[in-house]
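Please read the structure below before turning to the comments.
The values are calculated or read from the model by the stated rules, or taken from the named source; none is laboratory data. Keep in mind that this is a model prediction, so the values were computed, not measured. Using ideal geometry, Cβ is built from the backbone for each residue, glycine included, and neighbour counts are taken over all protein chains shown.
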Amino acid sequence: MEKRIKRGMLCLMAACLCMVSGCSKDTEEENKQEEVSLIANTVYESPKNATPEQTKVFNELSNALNNNADQRKVAELVAVNFAYEFFSLYQKEGKEDIGGLTFLPKDEQADFKEYAMYHYYNNYTTVVSQYSKKDLPNVIMHEVKAVEPIEVTFHEQVYEGYAVSLILKYSDSKLPADGMKTKMQVQVIQLDGVYRVIAVEDPQNE
């Protein structure tokens with residue numbers, strides 16, 4: 001079985017693993033935001049314990065799906081939501097609570113969950129014990145740098161899709177800012193009419 005997603009994640013894990021050492025800001029500005037209800041869709045599972053920021057981007061995706069938005073926009077929002085849900089440990093219950101699985105191909109989810117649990121998510125307990133739950137990584141903002149059409153080979157078949165280049169911003173915490181993964185290119189293709197994330201790589205042309 002092709003391990004494209006795992007290979008794509010390797011470059012991310014190396015950067016993310018260093019987040020448990022060092023120290024940045026001692027205080028965190030907590031923004032009180034009006035609570036907004038999640039808007040469901042029939043394609044992707046709603047995030048558990050969603051932060052206000054996750055709720056906002058997931059609602060954008062649901063609105064796009066429910067209102068037949070163009071495919072480029074849907075692919076972009078799938079990439080954005082995956083990034084928010086995977087890289088945010090803030091609202092997770094432990095290292096086995098892997099975010100973003102609903103955006104992966106179904107036959108890749110189990111292997112990816114196990115891989116992520118022993119790499120990026122294994123930092124969960126260390127951060128909580130050395131710092132606090134409030135210091136867990138929490139994506140609060142993003143910028144879409146580019147959405148470019150691509151052709152990629154997945155399971156020996158060629159698919160059309162999009163490469164979405166993102167920049168993420170995290171909430172202030174005691175974790176070292178330079179240890180957080182902020183730049184990435186998320187590759188998304190359509191499988192059986194549904195956009196799925198198949199790779200997360202370092203951005204091109206930096």
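Sub-7 Å Cβ pairs linking a first residue in the range 107-118 that is free of Cβ contacts under 8 Å to residues at least 24 places away in the same chain and in a helix (DSSP H, G or I) to a second residue that is of a type outside the set (Ser, Thr, Tyr) and surrounded by fewer than 16 Cβ atoms within 10 Å (Cβ to Cβ), at least 6 apart or interchain, are MET117/GLU96, ordered by first then second residue.
If the condition is being out of contact with any Asp or Glu (no Cβ under 9 Å at 6 or more places or on another chain), farther than 18 Å from GLU53 by Cα and basic (Lys, Arg), then the range 100-150 contributes LYS106, LYS145.
Show the residue pairs that are 6+ apart or on different chains and have beta-carbon atoms under 8 Å apart, the first residue being within the range 188-202 and among the polar types (S, T, N, Q), the second being assigned to a strand (DSSP E or B). Taking only residues 6 or more apart or on different chains, the pairs are GLN190/TYR159; GLN190/GLU160; GLN190/GLY161; GLN190/ARG196.
Consider the range 150-169 and keep the residues that are free of Cβ contacts under 8 Å to residues at least 40 places away in the same chain and in contact with a Gly (Cβ under 9 Å, 6 or more places away or on another chain). The one that is surrounded by the fewest Cβ atoms within 10 Å (Cβ to Cβ) is GLU151.
Mind checking which residues of the range 119-146 are among the aliphatic types (A, V, I, L, M), within 16 Å of the chain's Cα centre (by Cα) and outside any loop (DSSP other than H, G, I, E, B)?
VAL139, ILE140, MET141, VAL144, listed by residue number.
Would a scan of the range 51-70 turn up a residue that is surrounded by 15 or more Cβ atoms within 10 Å (Cβ to Cβ) and touching a strand residue (DSSP E or B) at 6+ places or on another chain (Cβ under 7 Å)? Yes, there is a match, as at least one residue in the range 51-70 is surrounded by 15 or more Cβ atoms within 10 Å (Cβ to Cβ) and touching a strand residue (DSSP E or B) at 6+ places or on another chain (Cβ under 7 Å).
Search the range 72-92 for residues being among the polar types (S, T, N, Q) and modelled with pLDDT of 95 or more, and hand back the single one that is nearest to ASN138 (Cα to Cα). Among those residues, the one meeting the criterion is SER88.
Could you tell me which residue of the range 100-137 is nearest to VAL78 (Cα to Cα), considering only residues that are surrounded by 14 or more Cβ atoms within 10 Å (Cβ to Cβ) and touching a strand residue (DSSP E or B) at 6+ places or on another chain (Cβ under 9 Å)? Step by step, filter the range 100-137, then rank; the result is PHE103.
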